[in-house]
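Shown next, in structure tokens, is the structure this report addresses.
The values are calculated or read from the model by the stated rules, or taken from the named source; none is laboratory data. Computed from a prediction, not measured in an experiment: that's the story for all the values here. Heads up, the Cβs are rebuilt from the backbone with ideal geometry, glycines too, and the neighbour counts pull from every protein chain shown.
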Amino acid sequence: MSLIIDLELMDERMAQLDSHVEEKFRELYVEWLLDSLENEKQGTKVPYFVNGYIAMMNNMTNDDLMIMFFATLNDLTDLDIDVLKMYHYASEVNIHTLIDEKHLTYEQIDLVKETLLRNGLLESKNDEQRDANLDEVVRYITELAKQMKVTKPKEVKAAKTKKISRSESYKITLLGRNYLEMIGALKG
């Protein structure tokens with residue numbers, strides 16, 4: 001991946017910033033960018049840092065958001081980003097081509113998915129179903145307790161829960177989609 005900086009876009013975004021935020025991007029945030037680049041072990045991630053830095057140029061950005069951006073990108077490897085891309089609708093990457101291309105095992109891919117889950121970039125479909133089941137059970141118990149207090153109780157419909165899959169499956173979060181787009185990982 002080559003680094004092509006869109007200077008016009010950068011100038012345009014910089015011009016739209018409040019003076020206080022602009023100063024941070026010209027001084028503090030660029031220092032953080034350079035520190036991250038200096039410590040980065042995978043040179044192929046450099047464009048991600050630069051694209052993300054430019055994408056973060058808006059008046060809503062603050063120190064915490066910049067720290068979170070750099071910390072997350074520092075925590076991810078190229079492989080993590082490639083696996084995350086598999087879950088984006090605009091990606092043509094699939095698990096089989098990734099495993100063949102990178103000489104990986106399914107267990108290694110599972111480890112990467114857990115990293116992405118911890119960073120909030122993926123979410124577990126099984127956890128989502130467990131939460132839905134729990135909500136349904138709570139609804140049932142609440143309604144049952146309510147009906148036990150009345151003189152003429154109505155029948156309470158049993159909780160409708162769905163079986164949880166034995167194999168874990170994931171989906172990309174909104175944060176994950178935004179992150180890939182912000183760092184330019186989906187560009188050719």
* To do: Answer yes or no: is there a residue in region 166-176 that is over 30 Å from Ala55 (Cα atoms) and either modelled with pLDDT of 90 or more or out of contact with any Lys or Arg (no Cβ under 9 Å at 6 or more places or on another chain) (or both).
  => yes
* Scan region 113-122 and give yes if some residue there is acidic (Asp, Glu), surrounded by 13 or more Cβ atoms within 10 Å (Cβ to Cβ) and under 23 Å from the mean Cα position of the chain (by Cα), otherwise no. => yes
* Could you list all residues from region 148-179 that are among the small types (Gly, Ala, Ser), closer than 30 Å to Leu117 by Cα and assigned to a loop (DSSP other than H, G, I, E, B)? => Ala159, Ser165, Ser167, Ser169
* Kindly indicate which of Leu117, Leu79, Leu111, Leu104 is in contact with a strand residue (DSSP E or B) (Cβ under 8 Å, 6 or more places away or on another chain) and either of a type in the set (D, E, K, R) or more than 27 Å from Leu7 (Cβ to Cβ) (or both). => Leu117
* **Single match in Thr105, Thr72 (criterion: closer than 29 Å to Asn58 by Cβ, touching a helix residue (DSSP H, G or I) at 6+ places or on another chain (Cβ under 8 Å) and among the hydroxyl-bearing types (Ser, Thr, Tyr))** => Thr72
* Selection status of Arg166, loosely packed, with under 14 Cβ neighbours inside 10 Å and in the same structural domain as Leu73 (by TED's automatic domain parsing) -> no
* Given the conditions (1) touching a Phe, Trp or Tyr at 6+ places or on another chain (Cβ under 7 Å); (2) over 21 Å from Asp6 (Cα atoms); (3) of a type in the set (A, V, I, L, M, F, W, C), which single one is not true for Ile67? -> (1)
* Structure fact -> Scanning region 144-174 residue by residue, those charged (D, E, K, R) and more than 20 Å from Leu134 (Cβ to Cβ) turn out to be Lys149, Lys152, Lys154, Glu155
* Asked: Residues in region 19-39: is at least one surrounded by 15 or more Cβ atoms within 10 Å (Cβ to Cβ) and over 29 Å from Thr77 (Cβ atoms)?
  -> yes
* To do: Report yes if some residue within region 137-152 is in the same structural domain as Leu37 (by TED's automatic domain parsing), out of contact with any Cys (no Cβ under 8 Å at 6 or more places or on another chain) and basic (Lys, Arg); otherwise report no.
  => no
* To do: Give the residue, chosen from Ala132, Ala145, that is part of a helix (DSSP H, G or I) and exposed (fewer than 11 other Cβ atoms within 10 Å of the Cβ).
  => Ala145
* Asked: When only residues in region 114-128 that are among the acidic types (Asp, Glu) and not in a strand (DSSP E or B) count, which is modelled with the highest pLDDT?
  -> Glu114
* **Members of region 74-86 found to be surrounded by 20 or more Cβ atoms within 10 Å (Cβ to Cβ) and in contact (Cβ under 8 Å) with a residue 60 or more places away in the chain, listed by number** => Ile81, Leu84
